[in-house]
Amino acid sequence: MTDPQGDDSAPTPEELREQVEHTPEERSQTEEALAAKAGVKAQAKKKVTEIKEQAAEKTTHVTGQLREKAGQAAQLVKDNTPDPVLEKAVHAAAQVRDTATRTGHLAAEKSPNPVREKAVTAATMARENRTPLIAAAAALVVFLLLRRSRRHR
């Protein structure tokens, strides 16, 4: 069937039948592609969840190991430090604590409210993160003791 103006672009009935026959096939391929894409997204979300869980487990494990090592290091330092030195350290720590308390009270009296609020926030964060801070302090003590012992060799 041709156009009276000579335009051959109009589809023939046979071409139309062929297009109609291919349409369900193309639609099923499109549906399969969309389902596969949705499956990939679900798999990606599942993988992200698994990785987060693994990271949380690893963090818990490593934190436990750090606590254990810090405790061992602290005990090692305590065991290898002579009693007079430990007594002096306890006395010095008490003096530092007393001085810090007095200084804190003086600073609280003299400082403006916004500064006090920030100090309270910082102190709260330090209390909430006490274990990592203690572990870091223990690691620093061990490092300094090792460094000192290597210098005296």
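The values are calculated or read from the model by the stated rules, or taken from the named source; none is laboratory data. Only a predicted model underlies this, so the values are computations on that prediction, with no experimental measurement involved. When we count neighbours, we look across all protein chains shown, and the Cβ atoms used for this are built from the backbone with ideal geometry, even at glycine. Keep in mind that these areas ignore ligands, DNA and RNA; they rest on the heavy atoms of the full protein, side chains included. Shrake-Rupley method; radii C 1.70, N 1.55, O 1.52, S 1.80 Å.
Screening the candidates A56, A42 for the property of being within 31 Å of the chain's Cα centre (by Cα), open to solvent by less than 90 Å² (accessible area, probe 1.4 Å) and closer than 18 Å to P132 by Cα yields one hit, A56.
Of the candidates V141, V120, V96, V90, the single residue that is exposed (fewer than 12 other Cβ atoms within 10 Å of the Cβ), within 29 Å of the chain's Cα centre (by Cα) and either assigned to a helix (DSSP H, G or I) or among the small types (G, A, S) (or both) is V120.
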